[in-house]
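All remarks here apply to the structure that follows.
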Amino acid sequence: MICNKAFPLQWLWKNLKGYRSSYIIALVLSVLCNVLYTVVPYFQTEIIDTFISNEKATENLALHRDRFLWLIAAMIGFTFLRTAMQYACNMYYEKASQGMIFKVRTHLFRRIENQDMAFYDHYRTGDLMTRLTGDLDMVRHMVSWVIKGIVESIALFTASMVFFFTIDWRTGLCILAITPFIFIITRLFSKKAGPAYRTLREKQSALNTAAQENISGNRVVKAFAREDFEIEKFHAHDVQCRDANIAASMNWLQYQPWIDFFAGALSVVLLLCGGWFMIRQHLTMGQYVAISGLLWAVSNPMRNLGHYVNDCNRFMASASKIIEIYYAAPMIVDRTDAPEGEAHLRGEVEFSHVSFSIGDKAILRDVSFHILPGQTVAIMGATGSGKTSLVNLIPRFFDATEGEVLVDGKNVRLHRLESLRKNISIATQDVLLYSDTIDSNIAFGDSSMDEEYVKRCAKLSAADAFIEQLPDGYDTIVGERGVGLSGGQKQRISLARALAVRPAVLILDDTTSAVDMETEAHIQHSLNDALDFPCTKIIIAQRISSTKNADQIIILEDGVVADIGTHEELISRDGYYREIYELQSGIHCAQENGKEASHDAQ
């Protein structure tokens, strides 16, 4: 689809829907404005041949003064008319191009927002930002200036050549004979420009990505004193971008002198041929002056042709990247038979022989368990055992490769995504807070949320105390991604945000890893006893204090359910949970110390 060179232009026309009439008017006005350039030289020819170079010029001026004044007035009038039409033309171009870009940018952002998690694993943030900004600017430039310039150049060149042939076909042929050379040079340039600008586009995207990642991770950079390293890394990307830009520019600079040479040769051709034809009386003085004065209307379009080819290749490189996202369809979507307007879910969750893979890598294998509404279930396992992947299947961030994930007894694929995800809240260890007030961050799930309820949720998550101590309380603006708050404070705000929407299923992915034991105990009490709505809780944690009161604990090992049971059941038998329990409670250390003491005594 994208490899077809005509497709980007078809895509432009499709997105001009709603603005096509304005764009067509602009194109028509462009043609008329440039055709009008030939009107003034026509009047100029009449004035020179009748009232200046004519043998009876003085007599003609005396007898036909009114005609002379009308010719002068017509020249001035058509100049004003062309100026007014050009102004209207530019306004129509701007209206159409800005309206189209607004529509495309909105569509692109909607596409990006509705993509699957796998999409964000594949595309870098800096690359997406480039598509939404620089690439779209290139598209707008194409619509409002490049196409306009091409149409104007064609209209001006054609009208001028018709004018020249009307005056004298011999002079017209001499001027036209130069143009094939320019078209050949432009064609050669076009073949090299396309690949060069695609390479440049990739280097610019990599540069933007490097800058975005470095700015977002500035705290990590400073923590490891790696400023010089990051500056050097950015410099390497900058050098690559510079070299790609120079390479693309050099392609143009190799051909531009030849285009300028042949365009400039038109003046020499006119001087030689036009002078000869004047001597042979094929041309009058007025006609020669008119052709000479309008020669720029042939040379300028030929000079600009290279620039337009240059911009067209840049547009093709940018448009291909935009179109890639424009038509990117998410794999996880609502089924046509999914019911509308589902009621609030009860919170029953079941995994039935679920397997999940990413590519050839198996993450989960034959996982089965059942969680009743209102139960609290903990999931434990070593790093990389598949805990986060498992809970990501519940709100359909990913789809199971095999088996079924059911919520309220129905496969999650049969729920509407919006309904399913509004009933499931997730609070993760890595918290993203927006550059907004704390109140707005907590009420993110429902902007109309009552302020008192926001504060209640903050109290449940043990966040109210530190929020009240901030300079502006709940109206305090947090920095980008929550800069200025500690890890524990961000986690508590994230938990308050998750509780605020009163979910049927609450998933806590190591949410209390950065809080102290006293705060964790307060949060556990809130989750177990203080919630005023029914809620199934799924807790991923490594602290026994966070899991021991769960109705059941699921142990994952290498993507397989290794054990399921209560705290008492799991510590009564050998396995991962008992090892963690002994390690965290100090029993393991006491046993080791006891063995060492016994050995020393012997």
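Candidates are the residues of segment 366-388 that are surrounded by fewer than 19 Cβ atoms within 10 Å (Cβ to Cβ) and small (Gly, Ala, Ser); the one that is nearest to residue 348 (Cα to Cα) is 374.
Kindly indicate whether residue 20 is out of contact with any strand residue (DSSP E or B) (no Cβ under 9 Å at 6 or more places or on another chain), closer than 30 Å to residue 296 by Cα, open to solvent by 60 Å² or more (accessible area, probe 1.4 Å) and of a type in the set (D, E, K, R).
Numbers: out of contact with any strand residue (DSSP E or B) (no Cβ under 9 Å at 6 or more places or on another chain): yes; closer than 30 Å to residue 296 by Cα: no; open to solvent by 60 Å² or more (accessible area, probe 1.4 Å): yes; of a type in the set (D, E, K, R): yes.
For residue 20, the condition - out of contact with any strand residue (DSSP E or B) (no Cβ under 9 Å at 6 or more places or on another chain), closer than 30 Å to residue 296 by Cα, open to solvent by 60 Å² or more (accessible area, probe 1.4 Å) and of a type in the set (D, E, K, R) - is not met.
Checking residue 515 against (1) modelled with pLDDT of 90 or more; (2) within 40 Å of the chain's Cα centre (by Cα); (3) aliphatic (A, V, I, L, M), only one condition comes out false. Which one? With respect to (1) modelled with pLDDT of 90 or more; (2) within 40 Å of the chain's Cα centre (by Cα); (3) aliphatic (A, V, I, L, M), residue 515 is out only on (1).
Kindly indicate which of 276, 296, 258 is among the aromatic types (Phe, Trp, Tyr) and farther than 24 Å from residue 158 by Cβ.
Among 276, 296, 258, only 276 is among the aromatic types (Phe, Trp, Tyr) and farther than 24 Å from residue 158 by Cβ.
Could you check, for segment 339-350, whether at least one of its residues is under 16 Å from the mean Cα position of the chain (by Cα) and in a loop (DSSP other than H, G, I, E, B)? Scanning segment 339-350 turns up no residue that is under 16 Å from the mean Cα position of the chain (by Cα) and in a loop (DSSP other than H, G, I, E, B).
Out of all the residues in segment 27-43, is one or more free of Cβ contacts under 8 Å to residues at least 12 places away in the same chain and over 25 Å from residue 157 (Cβ atoms)? Let's see the steps before the verdict.
Within segment 27-43, the first condition is being free of Cβ contacts under 8 Å to residues at least 12 places away in the same chain, and the residues that meet it are 28.
Next, only the ones that are over 25 Å from residue 157 (Cβ atoms) stay: none.
Within segment 27-43, none of the residues are free of Cβ contacts under 8 Å to residues at least 12 places away in the same chain and over 25 Å from residue 157 (Cβ atoms).
Looking only at residues of segment 354-387 that are β-branched (Val, Ile, Thr) and modelled with pLDDT of 90 or more, we find that the one that is nearest to residue 560 (Cα to Cα) is 367. Scanning segment 149-186 for residues that are in contact with a helix residue (DSSP H, G or I) (Cβ under 7 Å, 6 or more places away or on another chain), open to solvent by less than 70 Å² (accessible area, probe 1.4 Å) and either more than 23 Å from residue 308 (Cβ to Cβ) or not in a helix (DSSP H, G or I) (or both) turns up 167, 168, 171, 172, 174, 178. In segment 308-325, the count of residues that are open to solvent by 40 Å² or more (accessible area, probe 1.4 Å), free of Cβ contacts under 8 Å to residues at least 60 places away in the same chain, in contact with a Phe, Trp or Tyr (Cβ under 7 Å, 6 or more places away or on another chain) and part of a helix (DSSP H, G or I) is zero. Residues that are among the polar types (S, T, N, Q), part of a helix (DSSP H, G or I), modelled with pLDDT of 80 or more and open to solvent by 10 Å² or more (accessible area, probe 1.4 Å): does segment 439-458 have at least one? Checked segment 439-458: at least one residue is among the polar types (S, T, N, Q), part of a helix (DSSP H, G or I), modelled with pLDDT of 80 or more and open to solvent by 10 Å² or more (accessible area, probe 1.4 Å). Against the list (1) open to solvent by less than 10 Å² (accessible area, probe 1.4 Å); (2) over 40 Å from the mean Cα position of the chain (by Cα); (3) modelled with pLDDT of 90 or more, the condition residue 503 fails is (2).
Can you tell me which residue among 396, 413 is in a loop (DSSP other than H, G, I, E, B), in contact (Cβ under 8 Å) with a residue 60 or more places away in the chain, within 18 Å of residue 504 (Cα to Cα) and among the basic types (Lys, Arg)? Even if it seems obvious, please write down each step before you answer.
Numbers: 413 fails: in a loop (DSSP other than H, G, I, E, B).
Of the residues listed, the single one that is in a loop (DSSP other than H, G, I, E, B), in contact (Cβ under 8 Å) with a residue 60 or more places away in the chain, within 18 Å of residue 504 (Cα to Cα) and among the basic types (Lys, Arg) is 396.
For (1) outside any helix (DSSP H, G or I); (2) open to solvent by 60 Å² or more (accessible area, probe 1.4 Å); (3) on the phi > 0 side of the Ramachandran plot; (4) in contact with a His (Cβ under 8 Å, 6 or more places away or on another chain), each residue gets a yes or a no:
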| residue | (1), (2), (3), (4) |
| --- | --- |
| 210 | no, no, no, yes |
| 230 | no, no, no, no |
| 234 | no, yes, no, no |
| 247 | no, no, no, no |
| 253 | no, yes, no, no |
| 271 | no, yes, no, no |
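Quick check on segment 24-60: of everything there that is in contact with a Phe, Trp or Tyr (Cβ under 7 Å, 6 or more places away or on another chain) and over 23 Å from residue 164 (Cα atoms), which residue is modelled with the lowest pLDDT? Among those residues, the one meeting the criterion is 57.
Considered as a group, the residues in segment 121-177 that are over 30 Å from residue 398 (Cβ atoms) and of a type in the set (Asp, Glu) include one that is modelled with the lowest pLDDT, and that residue is 168. All of (1) open to solvent by 50 Å² or more (accessible area, probe 1.4 Å); (2) closer than 30 Å to residue 108 by Cβ; (3) among the aliphatic types (A, V, I, L, M); (4) part of a helix (DSSP H, G or I) hold for residue 329 with one exception: (4). For segment 33-68, a tally of residues being open to solvent by 100 Å² or more (accessible area, probe 1.4 Å) and of a type in the set (A, V, I, L, M, F, W, C) returns 2. Mind listing just one residue for me: the one in segment 87-126 that is open to solvent by less than 10 Å² (accessible area, probe 1.4 Å) and under 9 Å from the mean Cα position of the chain (by Cα) and, of those, nearest to residue 23 (Cα to Cα)? That would be 108.
Any residue at all in segment 502-523 that's closer than 26 Å to residue 408 by Cα and in a helix (DSSP H, G or I)?
Residues of segment 502-523 that are closer than 26 Å to residue 408 by Cα, as a first pass: 502-511.
Of the ones still in play, those that are also in a helix (DSSP H, G or I) are none.
No, because not a single residue in segment 502-523 is closer than 26 Å to residue 408 by Cα and in a helix (DSSP H, G or I).
The values are calculated or read from the model by the stated rules, or taken from the named source; none is laboratory data. Bear in mind that the values here come from a model prediction, so they are computed numbers and not experimental data. Every residue, glycine among them, receives a Cβ derived from its backbone with ideal geometry; neighbour counts consider all protein chains shown. In case anyone asks, the SASA skips ligands and DNA or RNA and just uses the protein heavy atoms, side chains included. Shrake-Rupley method; radii C 1.70, N 1.55, O 1.52, S 1.80 Å.
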